[in-house]
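The structure appears right after this line, and notes come after that.
Bear in mind these aren't lab numbers, they're just calculated from the coordinates by the rules spelled out. If you're wondering where the values come from, they're calculated on a predicted model, not measured in any experiment. Note that we place each Cβ from the backbone using ideal geometry, even for glycine, and neighbour counts take in every protein chain shown.
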Amino acid sequence: MNKVNDTPDWLYLLREFDNIYRRGSAGGSSVIRRHQRVVRERLSHALKSNPELVLQEHCEKPVLAHLGRALDAAYGGPMAPMARVIERLKGTMNWEWGYERLSNDLSKRYAYTELLGPKGSVVSDTLILGLVLFAPRTTYPQHSHADIEESYVSISGAWSENDAAVYAPGSLILNRPGHEHRITIGDRKPCFLAFAWVEPPDRLAQPAMKFAKQPRRISDC
Ligand SMILES: [Fe+2]
């Protein structure tokens with residue numbers, strides 16, 4: 001049985017999350033500062049007991065063809081330490097779509113991996129930490145997360161949410177529960193984001209992500 005403390009790169013990856021939610025600026029927002037603190041506290045609580053590391057079956061998705069380029073682009077920016085440890089662990093991550101229904105186009109352009117959470121390699125029922133990868137020119141349809149507060153931190157690439165701004169590596173974007181958001185990715189580079197979900201434990205086990213419009217049913221691996 002592997003424990004997180006005996007698996008240094010997994011511990012370093014989770015410490016990178018602690019780092020970005022501890023050292024990253026809240027931009028003067030008390031709401032974002034509170035979210036950063038909740039993520040740090042729940043991560044600290046999850047790691048306190050030196051939890052078991054349960055490596056999931058590695059599951060490929062078509063968008064992973066863009067992961068190398070996304071990591072290359074991150075090495076020159078503020079998220080380089082996180083990108084380097086992801087490079088070492090990428091073969092042990094389970095990539096998912098997370099929806100029963102997904103368009104054929106989006107199934108080639110998007111996937112995420114849950115690192116810590118109810119289904120993660122490190123189990124927590126109060127926090128989900130993960131990574132999401134998008135191919136260039138992807139539009140991730142309008143969606144919301146009931147009762148779940150979500151933040152994204154850009155690792156590499158350029159993207160926009162609800163046509164409101166363009167986010168660069170190191171940016172933190174907070175989506176409050178129920179907030180409808182649509183993501184668009186720049187033309188030439190993939191986009192790689194870290195994310196955190198917090199809120200009630202029962203909601204994290206069944207996150208109920210929903211698109212505003214219902215695409216076709218798809219089978220995950
Ligand atoms: Fe979202």
Reachable aspartates and glutamates, given that their alpha-carbon falls under 18 Å from the alpha-carbon of K48 and they are not under 8 places away in the same chain: D6, D9, E16, D18, D125
Using a simple spin-label model with points 7 Å from Cα along the Cα→Cβ vector, what separation in nm is obtained for K90 and V31? 3.5 nm
I need the GluC sites (Glu not before Pro) found in the stretch 146-188, filtered to DSSP loop residues with at most 16 other beta carbons within 10 Å of theirs. E180
On alpha carbon coordinates alone, what is the Rg over Rh value for the stretch 4-211, Rh being the Kirkwood radius? 0.92
Can you pull out the GluC sites (Glu not before Pro) in the stretch 45-85 whose DSSP state is coil and whose Cβ has at most 12 other Cβ atoms within 10 Å? E57, E60
Hey, with R₀ at 45 Å, roughly what FRET efficiency would A168 and K3 work out to, going by the Cβ-Cβ distance, to 0.05? 0.80
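Two-decimal Rg/Rh of the stretch 3-95 from alpha-carbon positions, Kirkwood Rh?
Looking at the stretch 3-95, the ratio lands at 1.00.
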Among the Cα-Cα pairs of the stretch 51-164, the proportion with separation greater than 18 Å, in percent, is 55 percent
